[in-house]
Number of protein chains: 4
Amino acid sequence: MTKEELLQKLAEFEQEDLSVALKAAQAAKRARTEGFYFLHYFFEEERIEESVGQSLVTIPVTELVMNPAKMLHGGVTAFICDNVMGMASYMEKGRSGVTLDLSVRYHKPGKGARLIARGEVVSAGSRINSARCEVRDEQGSLIATATGSFYHR
Amino acid sequence: MTKEELLQKLAEFEQEDLSVALKAAQAAKRARTEGFYFLHYFFEEERIEESVGQSLVTIPVTELVMNPAKMLHGGVTAFICDNVMGMASYMEKGRSGVTLDLSVRYHKPGKGARLIARGEVVSAGSRINSARCEVRDEQGSLIATATGSFYHR
Amino acid sequence: MTKEELLQKLAEFEQEDLSVALKAAQAAKRARTEGFYFLHYFFEEERIEESVGQSLVTIPVTELVMNPAKMLHGGVTAFICDNVMGMASYMEKGRSGVTLDLSVRYHKPGKGARLIARGEVVSAGSRINSARCEVRDEQGSLIATATGSFYHR
Amino acid sequence: MTKEELLQKLAEFEQEDLSVALKAAQAAKRARTEGFYFLHYFFEEERIEESVGQSLVTIPVTELVMNPAKMLHGGVTAFICDNVMGMASYMEKGRSGVTLDLSVRYHKPGKGARLIARGEVVSAGSRINSARCEVRDEQGSLIATATGSFYHR
């Protein structure tokens, strides 16, 4: 579709759908021009803090990431856990890696305005790092905990 | 923002960002009118098959779900695993449940046009089901395996 | 203690304790002379079958491996899972490896005369293998399932 | 076999096998008379400290619990992790429970005179507790970390 056709199609939607569309357009543009990936921008993940072997990330709990029960989708919780531990592992090694495995335990429904995930490397090998993270809501309640291992060539 | 203002904002984007915006508008509308949740539609998850204790789901591997290395984001893989096992568990119990924990092992980069996830209940208790799933690409290569447990009141 | 002193001490025990002592002496001797390790013999683990990427092991459920509730101790279940998957991984690679991680899910109490554990490699990398196993009782009921990853230099 | 016959059989073993036999006889007697289970005594597990939701256990690294590579068998590490987390969970709930699942990550070979495992409840539900533990050697090096969930009726 041409830009014209796309805008014509978009004009048929209602206001609330168009505000989601605008978020998506903004995230797509940033992914294209700033060189990181779409979901990072679309989920409005914020990387608050990074130091050697540690990382802190927040995510707003909007309609976009909810499950049918109107709480954070457990798959999105896993997504955040992967990111915050992968980032902590990257900060420890100084080179990119891949996730070998990821284990998430869900303790409470993810509700409230936003969630805060804190990741840290627990044990660093020459190639494989082991990390853990905690996801809390703004009152400090523990929503989920996770562990993961990351392979760095 | 009013619908007018949103459309004006959208008109400033380029064609490729608007095609993402259109997908988002469509998914938002379906979530609003068909009563399931946004990411299910936005990720174009398809529920191919469901029977007692089993479920089969596919997802296209588009730019929207890729990580910086241009393969399926491991967090999205986890998302699919959660869904396909949760659905298998729901099909076994006949009532909705919540994920207690989720463990994903990543074997190969998730590439190709789409991925196929197959989930099944391994052990069914009165309240807790244990499930496993496999995620394969269209050539049948194993991308990821996962296990999870689900609590049904 | 000298052999004499040990036998004097042993003479003070009752018959049922001495039959455990005899098992331990036999396992210790085999570990010393046959070059494998003590618990393998003491737990009377039997390696029934081994082929490329696969392994089958049995263990009798005796008083020695029970927990206070008189069923197989979950830690011993984990022990068997580690062994059967490690063996499957060894059979695939043809060289020894170490366990990176082990995840066990417990489905039913481990009862009956003996348990059968079947392990197989799910995905083989150049250095890291991913395996899974099932532990069943003699009626075929699923007692536990496990997954693990193994690093081979 | 009668006590006499058992002692005759035992007399045929060498000193080093008999010292293992004596340990086994002692553990069997304690299990019989003190009402806990055999492996707890045989592995010389010591419960050092227990408070609400917390537990500290030590185990000596002897020949009895080594693998063929002369380090703590990973299955025994898992055993200790199960115990220390199960105990922490029991201390939180005040009633006994069963292990639902157990995940262990191995960071360093378990060597030295003894290992120290510290477990704590991370999240307590009405029926399901989530716990984690760390296993360290006497120098404080991290040998293994684990998480587990425990069901209390």
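Return yes or no: is D:Y41 open to solvent by less than 60 Å² (accessible area, probe 1.4 Å), within 12 Å of chain C (Cβ to nearest Cβ) and in contact with a Pro (Cβ under 7 Å, 6 or more places away or on another chain)? Before the answer, list the steps.
Values: open to solvent by less than 60 Å² (accessible area, probe 1.4 Å): yes; within 12 Å of chain C (Cβ to nearest Cβ): yes; in contact with a Pro (Cβ under 7 Å, 6 or more places away or on another chain): no.
Criteria not met by D:Y41.
What's the number of the condition C:A88 fails, among (1) assigned to a helix (DSSP H, G or I); (2) surrounded by fewer than 24 Cβ atoms within 10 Å (Cβ to Cβ); (3) more than 13 Å from chain D (Cβ to nearest Cβ)?
Going through (1) assigned to a helix (DSSP H, G or I); (2) surrounded by fewer than 24 Cβ atoms within 10 Å (Cβ to Cβ); (3) more than 13 Å from chain D (Cβ to nearest Cβ) one by one, C:A88 breaks only (2).
For region B:106-153, how many residues are among the basic types (K, R) and in a strand (DSSP E or B)? Step through it out loud before you land on a result.
From region B:106-153, those among the basic types (K, R) are B:108, B:111, B:114, B:118, B:127, B:132, B:136, B:153; that's our starting set.
After this cut, where a residue has to be in a strand (DSSP E or B) as well, the list is B:114, B:118, B:132, B:136.
Looking only at that region, the number is 4.
Within region A:100-121, is even one residue assigned by TED's automatic domain parsing to the domain that holds A:L56 and free of Cβ contacts under 8 Å to residues at least 12 places away in the same chain?
Kept after step one, since they are assigned by TED's automatic domain parsing to the domain that holds A:L56, are these residues of region A:100-121: A:100-121.
Now restrict to residues that are free of Cβ contacts under 8 Å to residues at least 12 places away in the same chain: none.
The answer is no, given that none of the residues of region A:100-121 is assigned by TED's automatic domain parsing to the domain that holds A:L56 and free of Cβ contacts under 8 Å to residues at least 12 places away in the same chain.
For a quick check of your reading of the model, give me the residue pairs whose first member lies in region C:6-31 and is facing chain D (nearest Cβ under 7 Å), whose second is assigned to a helix (DSSP H, G or I) and among the β-branched types (V, I, T), with beta-carbon atoms closer than 6 Å and at least 6 apart or on different chains.
Qualifying pairs under 6 Å: C:A24/D:V20; C:A28/D:V20.
Just checking, how many residues over region A:101-142 are more than 15 Å from the chain's Cα centre (by Cα), crowded, with 24+ Cβ neighbours inside 10 Å and under 23 Å from B:C81 (Cα atoms)?
6
Given the conditions (1) open to solvent by 10 Å² or more (accessible area, probe 1.4 Å); (2) at the interface with chain A (Cβ under 10 Å from one of its Cβ atoms); (3) touching a helix residue (DSSP H, G or I) at 6+ places or on another chain (Cβ under 8 Å), report the number of the one that B:A78 does not fulfil.
With (1) open to solvent by 10 Å² or more (accessible area, probe 1.4 Å); (2) at the interface with chain A (Cβ under 10 Å from one of its Cβ atoms); (3) touching a helix residue (DSSP H, G or I) at 6+ places or on another chain (Cβ under 8 Å) applied to B:A78, the lone miss is (1).
Quick one: A:P68 ticks every box in (1) within 7 Å of chain B (Cβ to nearest Cβ); (2) open to solvent by less than 60 Å² (accessible area, probe 1.4 Å) bar one, so which box is it?
(2)
The values are calculated or read from the model by the stated rules, or taken from the named source; none is laboratory data. Predicted model, so just to flag it, every value in this text is computed and none were measured. Ideal geometry is used to build each Cβ from the backbone, glycine not excepted, and the neighbour counts take in all protein chains shown. Protein only, heavy atoms only, side chains kept; ligands, DNA and RNA dropped before computing areas. Shrake-Rupley method; radii C 1.70, N 1.55, O 1.52, S 1.80 Å.
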